[in-house]
Amino acid sequence: MIVVTGATGNVGRPLVEALAAVGEQVTAVSRRPGGTELPEGVRHHQADLADPGSLRPALDGADALFLLFAGELLTGERPVRELLETAGSAGVRRVVVLSSQAAETRPQAISHAPLRALEEAVRASGLDWTVLRPGGFGSNAFAWAESVRTRRTVAAPFGDVGLPVVDPADIAEVAAATLRGRGHAGRTYELTGPAPVSPRQQAQTIGDALGEPVRFTELSREQARAEMLRFMPEPVADGTLDILGEPTAAEQRVSPDVERVLGRPPRAFADWAMRNIAAFR
């Protein structure tokens with residue numbers, strides 16, 4: 001059995017679907033109650049990873065765990081360490097953890113120190129581990145959905161700075177492969193899209209999928225920061241803006257790891273936009 005935490009998110013949901021589609025026994029874990037939107041046969045378990053004991057019943061009979069920690073849980077080592085100990089004592093032997101490319105590319109950044117600590121805890125857990133380090137998510141464009149629906153506009157900073165954003169469905173498929181297959185233990189995979197794409201290009205791509213023009217407005221760093229501080233801590237906002245505005249060569253590089261694991265190229269942002277265009281209509 002495979003246990004998937006964060007099962008209702010942009011990665012967890014398609015991961016559960018991918019595993020169920022190939023006949024795996026899956027337990028989907030989320031904070032919210034219910035599980036009515038899960039594929040048939042998938043068991044739901046409500047748990048808060050801040051309380052590792054609440055996950056214990058979901059781990060009975062499990063041999064693999066997909067681990068996604070929300071940002072607020074990464075401020076200390078205790079929940080991560082205790083959860084990994086709980087998983088190991090329950091018989092889990094394989095853990096796949098979702099980290100971030102910036103854990104490697106921004107080694108001194110305060111904003112990503114918790115992810116580096118998470119990776120270290122996983123590597124020291126005694127379990128067979130695989131670390132997934134995606135770059136920026138294509139699904140971050142959902143932040144523009146309301147302005148596109150109502151005004152056909154996108155507002156973002158650094159309009160012409162391109163990054164190879166990754167489709168969360170690709171992350172999910174890589175996670176499924178590493179949870180099920182051999183040869184992934186002790187490996188770290190960097191996951192990107194097939195080519196850098198700027199915010200201005202993303203806006204045009206969404207417009208192409210809609211069949212209507214979408215106007216792009218460039219925000220200053222200060223304007224974007226003020227918006228971000230409404231829903232994220234100051235170090236995370238500053239770290240994110242550093243990547244968006246002044247990416248390193250490593251952050252702009254297209255990684256071969258999606259194709260290496262899946263045997264096909266990663267999906268382009270245009271594919272993501274077409275599949276999710278209903279959110280922008």
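Going by accessible surface with a 1.4 Å probe and the largest first, 153, 217 read 217, 153.
Taking +1 at the Cβ of each Lys and Arg and -1 at the Cβ of each Asp and Glu, which of 252, 107, 137 sits farthest along the dipole of the chain towards its positive end, judged by Cα position relative to the Cα centre? My answer, from the dipole projection, is 137. Normalised size of the chain, defined as Cα radius of gyration per 2.2 N^0.38 Å with N residues, equals 1.00. For segment 4-128, the convex hull spanned by the alpha carbon atoms encloses 105 Å³ per residue.
The simple spin-label model puts a point 7 Å past each Cα toward its Cβ; for residue 234 and residue 108 those points are separated by 2.0 nm.
Using the Kirkwood radius over Cα pairs, work out the Stokes-Einstein diffusion coefficient for segment 182-249 at 10 °C and 1.306 mPa s, in µm²/s as a whole number. All intermediate terms of the calculation are to be shown ahead of the outcome.
Working: Rh = 15.0 Å.
So the translational diffusion coefficient is about 106 µm²/s.
In sequence order, segment 3-14 has phi-based couplings of 9, 10, 8, x, 6, 9, x, 5, 9, x, 5, x Hz under the Karplus curve 6.51 cos²θ - 1.76 cosθ + 1.60, θ = phi - 60°, and Gly or Pro positions carry x.
Using every pair of distinct Cα positions in segment 133-226, the Kirkwood expression returns a hydrodynamic radius of 14.9 angstrom. To the nearest 10, the accessible area of residue 151 is 140 Å² with a 1.4 Å probe.
What percent does the relative contact order of the chain come to when contacts are Cα pairs within less than 8 Å and at least six residues apart? Before the final figure, lay out each step's value.
Numbers: 532 pairs, mean separation 50.5, N = 281.
This gives 18 percent for the chain.
Remark: relative contact order (segment 124-281) = 36 percent; criterion is Cα-Cα distance under 8 angstrom and separation of 6 or more residues. Each label point was placed 7 Å from the Cα along the Cα-to-Cβ direction; for residue 25 and residue 123 their separation is 3.4 nm. By the equivalent-ellipsoid construction on the alpha carbon gyration tensor, segment 76-171 comes out with semi-axes of 34, 16, 12 Å, ordered largest to smallest. The slack between residue 48 and residue 274, meaning 0.36 nm per residue of separation minus the straight C-alpha distance, is 78.0 nm.
Whenever you get a sec, compute what percent of the accessible area on the chain sits on carbon and sulfur atoms (1.4 Å probe).
Working: 6390 of 13030 Å².
Roughly 49 percent of what the probe reaches on the chain is carbon or sulfur.
When DSSP beta bridges are restricted to pairs lying wholly in the chain, around 5% turn out antiparallel. Ellipticity at 222 nm from helices only: DSSP H runs of n ≥ 4 in the chain, each -39500 (n - 2.57), divided by the residue count, give -10500 deg cm²/dmol.
Accessible surface calculations at 1.4 Å, restricted to protein heavy atoms, place segment 74-230 at 45 Å² per residue.
The values are calculated or read from the model by the stated rules, or taken from the named source; none is laboratory data. Only a predicted model underlies this, so the values are computations on that prediction, with no experimental measurement involved. Cβ coordinates were reconstructed from backbone atoms using ideal geometry, including for glycine residues, and neighbour counts include every protein chain displayed. The protein model used for the area step is the full one, side chains on, heavy atoms only, and it has no ligands, DNA or RNA in it. Shrake-Rupley method; radii C 1.70, N 1.55, O 1.52, S 1.80 Å.
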